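Enquirer: Below is the structure I would like to discuss, written out as structure tokens.
The values are calculated or read from the model by the stated rules, or taken from the named source; none is laboratory data. All figures in this text were calculated on a predicted structure; none of them were measured in a lab. Cβ sites come from the backbone with ideal geometry, for glycine too, and all protein chains shown count toward neighbours. Note: areas computed on protein heavy atoms with side chains; ligands, DNA, RNA excluded. Shrake-Rupley method; radii C 1.70, N 1.55, O 1.52, S 1.80 Å.
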Amino acid sequence: MGNTVGSASTNFCNFFSKKEDAYILGLWCADSYWWSSSIGLSNTDPDLIERFRKFLGTHFPKSRIKFNRNHLFVNSRPLLREFRKAKDNLESLKKENIIKAYFAGRFDGDGSIDKNLRSDCRIVYGNKNETEMDKEILKKIGISNVKVYYYKSANTFCLYVSRYEAEKFLDNILPYSVKLQKLVFAPRRDLTLTRDKESLMM
């Protein structure tokens, strides 16, 4: 079976053509939890852990998926290779809906925004190259008012979406973002984003 982890094929993830996989790629890129021959997610949000668990469950039996405190992982060199290869080739993200799903994962993993859902929209990165790459990828979905800042004390880079384009960015990722949907569906008087709930189903 060509799409089964552990087979001779290493092309079992559709990161650049399937929205669900693109989201998982973004989520993992934000977290980058791996070592030796294992790969997974380290997160305190149970909804994100469950999302990654469902992805792993499409490729592995439950007995192979391990959970230790906030760490969900599986031992699989082929899967690790596929994730790392995709991360090194993010410029291959072309389709708009795939890019939106990818950024939803990135935002869920390492993004934040002010409670007004307009200001301080940002995603944190561990290195400059990834930050600059994502800045360029955002242009493919019409988000260009973006700046990159380096915080020396924390040794991190931040990609900031201008408050003038924050609503557009959030509107793009809303159908795929677990974190953002929880924010939007919470009772709020100053809610700026509205969506028919049925349209949010992937």
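Enquirer: Would you tally the net charge around N145, using a Cβ to Cβ cut-off of less than 11 Å, leaving N145 out, and scoring K and R as +1, D and E as -1?
Expert: Taking every other residue near N145 into account, the sum is +4.
Enquirer: Does the range 50-108 come out rounded, prolate or oblate by the C-alpha gyration tensor, with a ≥ b ≥ c the root eigenvalues, rounded set by a/c under 1.5 and, if not, prolate when a/b is larger than b/c and oblate if not?
Expert: Prolate, because a/c is 1.5 or more and a/b exceeds b/c.
Enquirer: Separate question: Grab the DSSP H runs of the chain that are 4 residues or longer, score each as -39,500 (n - 2.57), total them, divide by all residues and round the 222 nm result to the nearest 500 deg cm²/dmol.
Expert: Value at 222 nm, helices only: -11500 deg cm²/dmol.
Enquirer: When the Karplus curve 6.51 cos²θ - 1.76 cosθ + 1.60 is applied with θ = phi - 60°, which whole-Hz ³J(HN,Hα) does each residue of the range 163-172 get, with x for Gly and Pro?
Expert: Per-residue couplings from phi come out as 4, 6, 10, 4, 5, 5, 4, 5, 5, 5 Hz.
Enquirer: Apply the Karplus parameterisation 6.51 cos²θ - 1.76 cosθ + 1.60, with θ equal to phi minus 60°, to every residue of the range 129-137 and state each ³J(HN,Hα) to the nearest whole Hz, in sequence, with x for glycine and proline.
Expert: 4, 5, 5, 5, 5, 5, 4, 6, 5
Enquirer: Please list, in chain and number order, the residues 5+ apart from Y33 or on another chain whose amide H is under 5 Å from its amide H, with Hs placed from the backbone.
Expert: G40, S42
Enquirer: Let me ask something else. How much net charge surrounds L41 when only the other residues with a Cβ under 11 Å from the Cβ of L41 are counted, with Lys and Arg +1 and Asp and Glu -1?
Expert: Result for the local shell: -2.
Enquirer: While we're on this one: Which entries in the list K18/K139; K66/K95; K62/K115; K66/K147; K54/K139 go over 29 Å, if you measure between the two C-alpha atoms of each?
Expert: K66/K95; K62/K115; K66/K147; K54/K139
Enquirer: Angle between the Cα long axis of helix 19-31 and the longest principal axis of the chain, 0 to 90 degrees, nearest 10?
Expert: For helix 19-31, the angle is close to 90 degrees.
Enquirer: May I ask you to list the residues of the range 73-109 whose amide nitrogen lies under 20 Å from a point 7 Å from Cα along the Cα→beta-carbon direction of W35?
Expert: 73-84
Enquirer: For a protection proxy built on the mean count of beta-carbon atoms within 10 angstrom, sort 66-77, 41-52, 145-156 highest first, please.
Expert: 41-52, 66-77, 145-156
Enquirer: Before I look further, what does the chain give for accessible area per residue, probe 1.4 Å, in whole square angstrom?
Expert: 53
Enquirer: So, one more: Take every Cα-Cα pair in the chain and report what % of them are more than 30 Å apart.
Expert: Roughly 20 percent, once rounded to a whole number.
Enquirer: Further question: Give the carbon-plus-sulfur fraction of the accessible surface of the range 1-143 in %, rounded to a whole number; probe 1.4 Å, heavy atoms of protein chains only.
Expert: It is 45 percent, rounded to a whole number.
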